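Q: This is the structure I have questions about; it appears just below.
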Amino acid sequence: MDILLSGLVGGSTYALIAVGVSLVFGVSNIINFAHGAVFAVGAMLSWWLTGPLQLPFALAAPAVIVLTGLLGWAVYLIAVRPLRSAPGIAVLLATFAVGVILDALSLRVFGAQTRRLESAFPRDNLELFGFRFGTLSLVIIGVSLLCVAILALVLSRTRTGRAIRATAQDPEAAQQMGVPVARIQALSFVIASALGGTAGLLVGMYTSNVAPGMGFLAGLQGFAAATIGGLGSIAGAVIGGLVLGVAEAFGVSLWGDSVRQLITFGSLLLVLWIRPGGLLGRVPTIAAEPMTGTFFGAGRPIRLPRWAGTAAAAALLAVPLLASDYVLRAGAQVWIMALFALSITLVGGFAGQIVLGQAGALAIGAYTSAILVTRFDWGFWPSVLAAAGAAAVLQVLLTAPSWRLRGHYVSMATLAAGAVVSAAALILPQLTGGSRGISAIPRPTLFGASLGGASAMYWLTLGVLLIAVLLVTRLGASRLGRVWAAVREDEVAAASAGLHPASYKSLAFGLAAVLAGTAGAFYAAQVTFLEPKQFDVSLSVLAVTIAILGGLRAPVGVLIGAVILVGVPELFRPLAEWRLLLYGVLLLGLILLRPQGLWAEIPGLRALRRRCAGRQAAEPGPLGPSGPSASTDASAGAGANAGDVAPAGAEALR
C-alpha cells in the first residue's frame with residue numbers, strides 16, 4: 001500500500017510536468033526542453049521564499065506560480081518567438097540551450113549545495129488499514145488533479161480555451177479566423193511553466209530537499225510521461241504520469257533506486273518503438289522532415305586550398321615542440337572531444353538527424369575498451385576496433401525501430417537510448433564497476449612502446465582526428481553523401497525516388513557511433529578512470545554545441561568548436577564553474593544569429609564576389625566600347641561569367 005501511494009504521489013507530480021509538455025506541444029508543436037529547468041527554479045524559489053525570506057506558505061505558493069509563469073513567457077520570447085519560421089529542431093535546441101542557461105544561473109544564484117525545504121503539511125498524521133501517511137501526500141495528489149481539472153474546464157468552456165484548441169488543431173486556419181496565434185502560444189508557455197513551478201514546489205516539500213540541478217531529470221521524466229500518454233493529449237499526460245510513477249515506485253522497491261533512470265527511459269524507448277503516438281495520442285503527419293534541413297547548413301563550408309590545409313595540419317603537429325605537458329594533455333582532450341563531435345556532424349549535418357544522446361555511444365566505446373584492456377589483457381588497438389564495433393551495433397539496435405519516425409520523436413529516441421546506456425552502466429557493477437567505476441586503465445602502446453607521454457598522446461589523438469575528418473569529408477562528397485542529402489532535404493521525395501530513408505538514417509547513425517566509440521576508447525586511455533556519471537546528457541550537449549559552433553556540415557569545423565569549448569575553458573581553470581553557462585549562451589546565440597556555424601561562408605559574400613568579377617570584366621577597353629579591346633573584354637567577361645556559373649550548375653547536378 002505504501003508503495004502504491006508513493007507511486008501515485010510521484011506520478012501526480014510527473015502528470016503536472018507532463019501536462020505542461022503536452023500543452024506546449026499541442027499548441028506549438030514544440031518540445032520545450034527548458035521545462036525541467038523551470039521546475040527546478042520553482043523548487044529553489046520555494047526554498048528561498050519560505051526559508052531566507054520567511055514568507056508563509058499561503059504567500060510563497062502563489063508567488064512561485066506567478067514567477068515561474070513569467071519565466072515561461074520569457075522562454076517563449078527568447079527561444080521560440082524569434083524562430084517561428086525555423087524548423088522544429090532549431091526551436092528544440094534553443095529551448096535546450098535556455099534550459100542549460102537557467103540551470104547554470106540557478107546554480108550561481110542559489111549555490112550548488114542541497115537545501116532543505118520544510119513542508120507546510122504533516123507527513124504521517126493519518127492512518128488507514130495500519131498504513132500511516134500524511135496530509136502532504138493527499139495535498140499533492142489533490143492539487144495535481146485540481147490543476148488538471150481546471151485546465152480541462154478552461155480548454156472546454158472558455159473562449160481562450162477554444163482559441164487554444166483551435167490553434168492546436170490548425171494554426172494557419174486559426175490565424176485566418178482571427179485567433180491571435182502568437183499570443184496563444186505564449187499563453188501556453190505561461191500555463192505550462194506555472195504547472196511546472198507548482199510541481200517543483202510539491203516535489204520539494206515531499207522530498208524535503210531541493211537543488212538547482214534537480215530539474216533536468218524531472219523534466220525528462222515529464223517528457224517520458226507525456227510521450228507514454230500521448231504528446232498533445234492532456235488526459236494522456238495524466239495517465240502517463242501515474243503509470244510511470246507507479247512503475248518507478250515498484251521497481252525501486254524491488255531493485256533499488258539505481259534502476260529509476262532505467263525504468264524511466266526504458267519505458268520511453270519502448271513506447272517509441274511500439275506505439276510512438278502514446279496511449280491516447282498519435283504521431284502527427286509531417287510533410288517534410290522538420291530537422292536540420294537548410295537551417296543549419298545555409299552557409300557553404302569554407303574550402304581551404306590544399307596548401308593551406310597542409311600548412312595548418314603541420315602547425316598543429318608542431319605544437320609539442322613549443323608547448324608544456326599540461327597544454328599537450330589539454331590538447332589531447334580537445335582532439336578526443338572533436339572526434340566525438342565529428343559523429344554529430346556525420347549524422348546531423350549529412351543525414352539531417354540531430355542526436356541528443358550520443359554520450360551513450362561514447363560510453364559504450366569507453367567501457368568496452370577499458371574492460372578489454374584491464375580484465376582480458378587485450379592490446380589497445382584491438383580494443384579500439386572492438387569499442388567502435390560495439391558502439392555501432394548496440395546503438396543501432398537501441399534506436400533502429402525509431403528511424404521510421406521523424407522530427408522530435410527521433411531526437412527523443414536517441415536521448416532515451418543514451419540515458420539507458422548510462423543507467424545500464426550504473427546497475428551492472430559486475431561488468432562496469434557500477435558507481436565505483438573502472439580505474440588504472442593503461443595508456444596506449446604501439447609495437448611495445450608506450451604512447452602515454454603528453455607529446456605522444458597529443459600526436460596520436462590529432463593524427464586519428466585528421467584521418468577521421470578526411471574520411472568524413474570524402475564520405476560527404478560520395479554517392480552515399482548525396483543520398484543522405486536527399487533524405488535530409490525531403491524525406492518524402494527521397495522515398496518516392498525509391499530510396500529507403502530509415503535504412504540510410506540507421507546507416508548514418510551506425511557510422512557516427514563508430515566515430516563516437518573510437519573517441520570513447522581514446523577517452524578511457526586519456527583519463528584512465530571511468531564512472532557512469534561522466535556520460536550524462538551534458539556531454540551530448542557539448543558534442544552538439546561543438547558541431548554547430550564549427551558548422552554542422554563542415555567536418556573541419558569540429559576542430560574550431562572543440563578548441564573554443566574545450567580547450568579555452570581548460571586553459572582558464574578559474575572559469576570552469578561558468579562553463580555550463582558558456583555552453584548554453586553559445587548554443588543559443590549560434591541558433592539565433594549564425595546557425596550555419598563559424599566554418600562557413602558569410603551569406604551573400606560569394607554572390608558579391610561574382611558581381612564584382614562581372615563588373616570588372618564588363619569595363620570598356622582603351623579603344624572605347626566599340627573597339628577591339630571591348631570585344632575582347634566582353635568575350636572574357638562572358639567566359640568568366642560562364643566559368644562562374646558552370647561549376648555551380650555542375651555542383652548542383654552532382
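Q: Do we have F110 as surrounded by fewer than 23 Cβ atoms within 10 Å (Cβ to Cβ) and within 25 Å of Y583 (Cβ to Cβ) here?
A: Values: surrounded by fewer than 23 Cβ atoms within 10 Å (Cβ to Cβ): yes; within 25 Å of Y583 (Cβ to Cβ): yes.
Yes: the conditions hold for F110.
Q: Condition first: of a type outside the set (G, A, S), out of contact with any strand residue (DSSP E or B) (no Cβ under 9 Å at 6 or more places or on another chain) and in contact (Cβ under 8 Å) with a residue 24 or more places away in the chain. Now tell me which residues in the stretch 110-127 satisfy that.
A: Scanning the stretch 110-127 gives Q113, E118, F121.
Q: Could I ask something else about it? Output the number of the condition that G498 fails; it satisfies all remaining conditions of (1) outside any helix (DSSP H, G or I); (2) at negative phi.
A: (2)
Q: Hey, which of the helices (runs of 4 or more DSSP H) in the stretch 180-282, taking only ones fully inside, have at least 2 residues that are open to solvent by 10 Å² or more (accessible area, probe 1.4 Å) and within 30 Å of P401 (Cα to Cα)? Before you say what the answer is, go through the steps one by one.
A: Numbers: elements: 181-207, 215-229, 234-255, 260-274.
Fully inside the stretch 180-282 and qualifying: 215-229, 234-255, 260-274.
Q: Here's a follow-up. Report yes if some residue within the stretch 30-53 is open to solvent by 20 Å² or more (accessible area, probe 1.4 Å), on the phi > 0 side of the Ramachandran plot and either in contact with a Phe, Trp or Tyr (Cβ under 7 Å, 6 or more places away or on another chain) or not acidic (D, E) (or both); otherwise report no.
A: no
Q: So is T399 without any contact (Cβ under 8 Å) to a residue 24 or more places away in the chain and hydroxyl-bearing (S, T, Y) or not? Write out each step before concluding.
A: Values: without any contact (Cβ under 8 Å) to a residue 24 or more places away in the chain: no; hydroxyl-bearing (S, T, Y): yes.
Taking the combined requirement at face value, the residue does not satisfy it.
Q: Continuing with this model, one more query. Suppose we filter the stretch 202-217 for residues that are closer than 14 Å to V9 by Cβ and either of a type in the set (A, V, I, L, M, F, W, C) or at pLDDT 95 or above (or both); how many remain? Step through it out loud before you land on a result.
A: In the first step, residues of the stretch 202-217 are kept if they are closer than 14 Å to V9 by Cβ; the result is 202-208.
This time we only want the ones that are either of a type in the set (A, V, I, L, M, F, W, C) or at pLDDT 95 or above (or both), so: 202-203, 205.
Number satisfying all stated conditions: 3.
Q: Also: Please return the ranges of helices (runs of 4 or more DSSP H) entirely within the stretch 327-439 where 1 or more residues are crowded, with 24+ Cβ neighbours inside 10 Å and out of contact with any helix residue (DSSP H, G or I) (no Cβ under 6 Å at 6 or more places or on another chain).
A: Once the helices (runs of 4 or more DSSP H) in the stretch 327-439 are filtered for at least 1 residues that are crowded, with 24+ Cβ neighbours inside 10 Å and out of contact with any helix residue (DSSP H, G or I) (no Cβ under 6 Å at 6 or more places or on another chain), what remains is 408-427.
Q: Now a separate question. I89: closer than 26 Å to T264 by Cβ, touching a residue at least 24 places away in the same chain (Cβ under 8 Å), among the aliphatic types (A, V, I, L, M) and touching a His at 6+ places or on another chain (Cβ under 7 Å), yes or no? Explain how you work it out, then say what you get.
A: Details: closer than 26 Å to T264 by Cβ: yes; touching a residue at least 24 places away in the same chain (Cβ under 8 Å): yes; among the aliphatic types (A, V, I, L, M): yes; touching a His at 6+ places or on another chain (Cβ under 7 Å): no.
For I89, the condition - closer than 26 Å to T264 by Cβ, touching a residue at least 24 places away in the same chain (Cβ under 8 Å), among the aliphatic types (A, V, I, L, M) and touching a His at 6+ places or on another chain (Cβ under 7 Å) - is not met.
Q: Considering only residues of the stretch 54-86 that are assigned to a helix (DSSP H, G or I), free of Cβ contacts under 8 Å to residues at least 12 places away in the same chain and among the small types (G, A, S), which is most open to solvent (accessible area, probe 1.4 Å)?
A: Quick first cut of the stretch 54-86, residues assigned to a helix (DSSP H, G or I) only: 57-83.
Checking which are free of Cβ contacts under 8 Å to residues at least 12 places away in the same chain leaves us with 58-59, 62, 74.
Remaining after also requiring among the small types (G, A, S): 58, 74.
Details: A58: 78, A74: 33 Å².
If we take residues in the stretch 54-86 being assigned to a helix (DSSP H, G or I), free of Cβ contacts under 8 Å to residues at least 12 places away in the same chain and among the small types (G, A, S), then A58 is most open to solvent (accessible area, probe 1.4 Å).
Q: Looking at the stretch 114-129, is at least one residue surrounded by 18 or more Cβ atoms within 10 Å (Cβ to Cβ), touching a helix residue (DSSP H, G or I) at 6+ places or on another chain (Cβ under 8 Å) and over 23 Å from A40 (Cβ atoms)?
A: No, that holds for no residue.
Q: Now for a different question. Can you report the number of residues in the stretch 143-154 which are surrounded by fewer than 18 Cβ atoms within 10 Å (Cβ to Cβ) and in contact (Cβ under 8 Å) with a residue 12 or more places away in the chain? Walk me through how you get there before you give the answer.
A: Let us first name the residues in the stretch 143-154 that are surrounded by fewer than 18 Cβ atoms within 10 Å (Cβ to Cβ), namely 145-146, 149-150, 152-154.
Now drop any that are not in contact (Cβ under 8 Å) with a residue 12 or more places away in the chain, which leaves 145, 152.
Here the count works out to 2.
Yes or no, residue by residue, for (1) basic (K, R); (2) buried (at least 16 other Cβ atoms within 10 Å of the Cβ); (3) more than 26 Å from the chain's Cα centre (by Cα):
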{"site": "G452", "(1), (2), (3)": "no, no, yes"}
{"site": "M457", "(1), (2), (3)": "no, yes, yes"}
{"site": "R474", "(1), (2), (3)": "yes, no, yes"}
{"site": "V483", "(1), (2), (3)": "no, yes, no"}
{"site": "A486", "(1), (2), (3)": "no, yes, no"}
{"site": "E491", "(1), (2), (3)": "no, yes, no"}
{"site": "A497", "(1), (2), (3)": "no, no, yes"}
{"site": "A502", "(1), (2), (3)": "no, yes, no"}
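Q: Hey, any hits in the stretch 134-142 for a residue that's in contact with a strand residue (DSSP E or B) (Cβ under 7 Å, 6 or more places away or on another chain) and open to solvent by 20 Å² or more (accessible area, probe 1.4 Å)? Let's see the steps before the verdict.
A: Keep residues of the stretch 134-142 that are in contact with a strand residue (DSSP E or B) (Cβ under 7 Å, 6 or more places away or on another chain), which gives 134-135.
Still in the running and open to solvent by 20 Å² or more (accessible area, probe 1.4 Å): 135.
Yes, because at least one residue in the stretch 134-142 is in contact with a strand residue (DSSP E or B) (Cβ under 7 Å, 6 or more places away or on another chain) and open to solvent by 20 Å² or more (accessible area, probe 1.4 Å).
Q: A174: more than 27 Å from the chain's Cα centre (by Cα) and either more than 24 Å from A419 (Cα to Cα) or part of a helix (DSSP H, G or I) (or both), yes or no?
A: Values: more than 27 Å from the chain's Cα centre (by Cα): yes; either more than 24 Å from A419 (Cα to Cα) or part of a helix (DSSP H, G or I) (or both): yes.
In short, yes.
The values are calculated or read from the model by the stated rules, or taken from the named source; none is laboratory data. Given the structure is predicted, the values throughout are model-derived calculations rather than measurements. Glycine gets a Cβ as well: all are built from the backbone with ideal geometry, and neighbour counts include every protein chain shown. With ligands, DNA and RNA removed, areas are computed over all heavy atoms of the protein, side chains included. Shrake-Rupley method; radii C 1.70, N 1.55, O 1.52, S 1.80 Å.
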